[in-house]
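The values are calculated or read from the model by the stated rules, or taken from the named source; none is laboratory data. The structure presented is a predicted model; accordingly, all values stated were derived computationally and were not measured. Note that each Cβ is placed from the backbone with ideal geometry, even for glycine, and that neighbours are counted across all protein chains shown.
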Amino acid sequence: MSIRWKTLIPKSQPMLYLKIKPTRGDTFLQGASDPLGIRSNPFHDLTSAGDIPMSKPLPPSPAILWFLERHPGSIVFGQVRIERLENGFCLRSTADKDQSVGSLREYSVTGMRELAQFNAAGDFRPLKSAPDLRVGWVCFVEDARQLEETLDRLYPGGVVDAWAARVKPPPVTHYREFVGRQTGMYRVAQQLSDAGVAEVIRATCDSRHCLKRRFWKVEGLAGDPSDATSDIACLEPCAVLLECARRAARLAQEECISMGLVEGDRAVLMAALEQTLSHPAPGVRAGDLGHPLNPRRICLVLEKLRRTPGLPPSTAS
Ligand code: SF4
């Protein structure tokens, strides 16, 4: 028997197919009445063409049903405003809540993934929860299942994580446990002291960079309070934070230089960095933490400058 796996992803409806082509001399182990075990497998639905769809459109998940029950009126999720219609929902940017729908560009459910990929400047968004989702769009969805699919394209895993975070205690992976599993180039993040991790968190998870509410923590810095940022839960450190922690750990291994600055100089430096943050340099990729003008790198330096004078400069343990 030759078995060919074939993945067909039509734009309208993603579906996985298994194509089976029996050849002479095959031995079927499932019994003569159901040689391929198809009837006994509830996921198989043999079509006349011989294609076997491996998945069907799913019903709304418990997560989206809980989400809708929790928000009886209009909903704000990250930078998305969701309004209930008679036959579905209307999604648009929170910045466009006063715009007429006709003035906005309509996107399909599948088009939302492309919308989430790049910001208004055309730069790739490595962190989908960053507060730079484009504006000027609208998307209509028919039901709760489509709403979940659309939100998942904008904020991957966002609804499910918010649903998971409702239990007490929430299923989080704290920093030490998370980096304890890292190998290779990210193992060095284990060497960052708790104070150093706290600086990285403040530089990376700040609401100017990420809209999630952080549930995980490190010794000395608790998770975000319940009224923080948004409903989108962060249950474990993300790749951007891990890269920032790796970078901070490497920097902490460098030789410390004394610059002979006084308190007034520190204020000038901080003001200059804040100014740079409010006018980000074009062309600096958000994920390029090696670039000196990367906003998260600037925030990391600001964190160091904010330290109480007299504290040891190294953040490595
Ligand atoms: S680790 Fe921080 S930056 Fe990353 S998703 Fe969570 S809150 Fe956002």
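Among ASP161, ASP231, which is in contact (Cβ under 8 Å) with a residue 24 or more places away in the chain, outside any loop (DSSP other than H, G, I, E, B) and over 30 Å from HIS279 (Cβ atoms)?
Values: ASP231 fails: outside any loop (DSSP other than H, G, I, E, B).
From the options ASP161, ASP231, the qualifying one is ASP161.
If GLN275 satisfies all but one of (1) of a type in the set (S, T, N, Q); (2) outside the structural domain of ALA203 (by TED's automatic domain parsing); (3) at pLDDT 90 or above, what's the number of the condition it fails?
(2)
Filter the stretch 222-234 down to the residues that are more than 11 Å from the ligand (Cβ to nearest atom) and modelled with pLDDT under 80 and list them by number. Break it down stepwise before answering.
Restricting attention to the stretch 222-234, the residues satisfying the condition of being more than 11 Å from the ligand (Cβ to nearest atom) are 222, 225-227, 231.
PRO225, SER226, ASP227 - these are the residues of the stretch 222-234 that are more than 11 Å from the ligand (Cβ to nearest atom) and modelled with pLDDT under 80.
What number goes with the only condition from (1) basic (Lys, Arg); (2) buried (at least 16 other Cβ atoms within 10 Å of the Cβ); (3) assigned to a loop (DSSP other than H, G, I, E, B) that ARG153 does not pass?
ARG153 satisfies all of (1) basic (Lys, Arg); (2) buried (at least 16 other Cβ atoms within 10 Å of the Cβ); (3) assigned to a loop (DSSP other than H, G, I, E, B) except (3).
For the stretch 203-221, which residues satisfy the criterion of being near the ligand (Cβ under 10 Å from one of its atoms), in contact (Cβ under 8 Å) with a residue 60 or more places away in the chain and out of contact with any Cys (no Cβ under 7 Å at 6 or more places or on another chain)?
We begin by selecting, within the stretch 203-221, every residue near the ligand (Cβ under 10 Å from one of its atoms); these are 203-207, 209-216.
From the residues that got through so far, the ones that are in contact (Cβ under 8 Å) with a residue 60 or more places away in the chain too are 203-204, 206-207, 209-212.
Within the stretch 203-221, SER207, HIS209, CYS210, LEU211 qualify.
Which residues, taken from the stretch 107-157, are over 12 Å from the mean Cα position of the chain (by Cα) and under 22 Å from SER207 (Cβ atoms)? Lay out the reasoning, then the answer.
The first filter runs over the stretch 107-157 and keeps only residues over 12 Å from the mean Cα position of the chain (by Cα), leaving 107-115, 118-124, 132-150.
Across the stretch 107-157, the qualifying residues are LEU115, PHE118, ASN119, ALA120, ALA121, ASP123, PHE124, ASP132, LEU133, ARG134, VAL135.
Specify which of the listed residues (ALA116, ALA130) is among the hydrophobic types (A, V, I, L, M, F, W, C) and under 16 Å from ASP152 (Cβ atoms).
Unique residue meeting the criteria: ALA116.
Taking into account only those residues within the stretch 165-180 that are of a type outside the set (A, V, I, L, M, F, W, C) and part of a loop (DSSP other than H, G, I, E, B), which is surrounded by the most Cβ atoms within 10 Å (Cβ to Cβ)? Spell out how you get there, then give the answer.
Initially, the stretch 165-180 is screened for residues of a type outside the set (A, V, I, L, M, F, W, C), giving 166, 168-171, 173-177, 180.
Keeping just the survivors that are part of a loop (DSSP other than H, G, I, E, B) gives 166, 168-171, 173-174.
Values: ARG166: 12, LYS168: 5, PRO169: 7, PRO170: 14, PRO171: 12, THR173: 15, HIS174: 17.
That would be HIS174.
I'm trying to understand the selection: among the residues of the stretch 238-285, which are part of a loop (DSSP other than H, G, I, E, B) and either among the basic types (Lys, Arg) or within 16 Å of the ligand (Cβ to nearest atom) (or both)?
The initial filter retains those residues of the stretch 238-285 that are part of a loop (DSSP other than H, G, I, E, B), namely 238, 253-262, 279-285.
Those that are part of a loop (DSSP other than H, G, I, E, B) and either among the basic types (Lys, Arg) or within 16 Å of the ligand (Cβ to nearest atom) (or both): CYS238, ARG285.
For the stretch 66-97, give me each residue that is of a type in the set (A, V, I, L, M) and surrounded by 13 or more Cβ atoms within 10 Å (Cβ to Cβ).
Going residue by residue through the stretch 66-97, those that are of a type in the set (A, V, I, L, M) are 68, 75-76, 80, 82, 85, 91, 95.
Of everything in the stretch 66-97, those that are of a type in the set (A, V, I, L, M) and surrounded by 13 or more Cβ atoms within 10 Å (Cβ to Cβ) turn out to be LEU68, ILE75, VAL76, VAL80, ILE82, LEU91, ALA95.
Across the stretch 128-150, which residue is surrounded by the fewest Cβ atoms within 10 Å (Cβ to Cβ) among those that are farther than 23 Å from ASP98 by Cβ and polar (S, T, N, Q)?
As a first pass, look at the stretch 128-150 and keep what is farther than 23 Å from ASP98 by Cβ: 128-130, 142-146, 148-149.
Within this subset, residues satisfying the condition of being polar (S, T, N, Q) are 129, 146.
On the way: SER129: 25, GLN146: 18.
Selected residue: GLN146.
Residues checked against (1) in contact (Cβ under 8 Å) with a residue 24 or more places away in the chain; (2) in a helix (DSSP H, G or I); (3) away from the ligand (no atom under 12 Å from the Cβ); (4) not assigned by TED's automatic domain parsing to the domain that holds LEU68:
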position: ARG134; (1), (2), (3), (4): yes, no, yes, no
position: GLN182; (1), (2), (3), (4): yes, no, yes, yes
position: ALA198; (1), (2), (3), (4): no, yes, yes, yes
position: ILE201; (1), (2), (3), (4): yes, yes, no, yes
position: GLU236; (1), (2), (3), (4): yes, no, no, yes
